[in-house]
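Structure record follows, encoded as structure tokens.
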Amino acid sequence: MKNSILEAKMRKINYLILGFSVLTSTVGFAGNEHLPVGARSAGVAHSSVTFADQWSVFQNQAGLGRLKEISAGVYYENRFLINSFSTGAIAAAIPTKSGTFGLSVYTFGFTNYRESKIGLAYGRQLGEKITAGLQLNYLSTVLPESYGIFNGFTAALGLQA
């Protein structure tokens, strides 16, 4: 009797873990990952959500709150030397007395398929060890021929402690 109750509980836990894994996986995306950009991020296998630099507009906007100087960066990648897989990005950050404003521009693709993202971010230090950030994004996907252009807006929140 105890064995069957334990098995039923374990089965429920396994289903919960499986369901969570499926919901959080990115396997089903076609492009659209908006991969982290910048050499520093690539150097740590894109686990750069705790960094505080201009590239925070792509990883975690809260990192902008720690910046003290104006900074900007340009990124370009031509994956497999195929223009259709090229990725380009620009990031800029401007600190003010009340916090740091950031701008991000991201593009992936070429003539027949293109994804673009333009973001305006704001990061602020809330205490000695806590920063928060908010970003508003404009997304655009261009498909060939009669499929057209799809646009949308999203928001992102970030926190570092």
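Read-outs throughout are calculated quantities, based only on the coordinates presented, and are distinct from any laboratory measurement. Note that the structure is predicted; figures quoted are calculated from it, not measured. A quick note on method: Cβ atoms are made from the backbone with ideal geometry, for glycine too, and the neighbour counts reach across all protein chains shown.
Each Lys or Arg adds one and each Asp or Glu takes one away; over the other residues whose Cβ falls under 13 Å from the Cβ of Thr50, this sums to +2.
Compared with the alpha-carbon gap, the fully stretched path from Ser71 to Thr96 is longer by 7.7 nm at 0.36 nm per residue.
Computed log10 I(q)/I(0) for region 92-161 at 0.19, 0.23 Å⁻¹: -0.78, -0.96, from the Debye equation with unit scatterers placed on every C-alpha and solvent omitted. You can think of it this way: the chain between Thr154 and Thr50 has 35.3 nm of extra reach, that is 0.36 nm per residue less the Cα-Cα gap. When you count the other C-beta atoms within 10 angstrom of each residue and take the mean per peptide, 139-151, 107-119 line up highest first as 107-119, 139-151. The slack in the chain from Ala42 to Leu136, taken as 0.36 nm per residue of separation less the alpha-carbon distance, amounts to 31.4 nm.
In this simple spin-label approximation, Leu120 and Ala8 carry label points 7 Å from Cα along the Cα→Cβ vector, and these lie 5.6 nm apart.
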